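Comments concern the structure below.
The values are calculated or read from the model by the stated rules, or taken from the named source; none is laboratory data. Nothing here was measured: the structure is a model prediction, and the numbers come from that model. Neighbour counts are summed over all protein chains in view; Cβ atoms, including those assigned to glycine, are modelled from backbone coordinates with ideal geometry.
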């Protein structure tokens, strides 16, 4: 009986260690962020990504701001033939903090295109992802407080004239923000959704965004210093008069 128990315990540990061993993680070149790469996904070669970026910039050559956008990484399910033909992920890294003006501009842009904005009832990322089955819910704008992440879902027609479901996730870091652009092709949406859920649930920013102290606190400190200097000046002036 004891031998059977030890054998079961050993097999249990073996199963756990094997599942961990097969989990593949992707790390950015500077280790600023990482995520678990789904078992059926692969990184798209850099030369293929460069071709894609050149095509996008040619399309947006009349828009200088759009032409400046550079994607650093790209991924797609390994079962697909070719690149960027079905579902895929593009990752952009902006190496500076997201400004309040930019955040407001992004919210205004997506709010115009989204008919239904939901937030507080979907603010738990784990519950949100668990509710997604084989179809991506559209027309949503959500901020996940714990992960410091904005998520937008929408329908888009790309320059290839194909219609895709899209999801943009913006992870806020202390000195940068990382943007993930997911595109889901109708042919393999269900499989791509599983990869989407894995990546978002395991995405980790090394130095996450920290909210600065409230301006009120700074104002109170400044007022306190002014009062202290005035009192000090009064005492010095009063001592000179006497």
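Side notes on the structure shown:
- So residue 49, is it farther than 26 Å from residue 207 by Cα, assigned to a helix (DSSP H, G or I) and at pLDDT below 50: no
- A single member of 177, 128 is assigned by TED's automatic domain parsing to the domain that holds residue 54, at pLDDT 90 or above, under 30 Å from residue 96 (Cβ atoms) and surrounded by 14 or more Cβ atoms within 10 Å (Cβ to Cβ), and it is 177.
- Only listed residue being modelled with pLDDT under 90, within 26 Å of the chain's Cα centre (by Cα), assigned to a helix (DSSP H, G or I) and surrounded by 14 or more Cβ atoms within 10 Å (Cβ to Cβ), chosen from 197, 191: 191
- Residue ID - modelled with the highest pLDDT, chosen from residues in segment 5-40 that are surrounded by fewer than 11 Cβ atoms within 10 Å (Cβ to Cβ) and closer than 28 Å to residue 176 by Cα: 25
- Flag if residue 151 is within 15 Å of residue 89 (Cα to Cα) and loosely packed, with under 15 Cβ neighbours inside 10 Å: no
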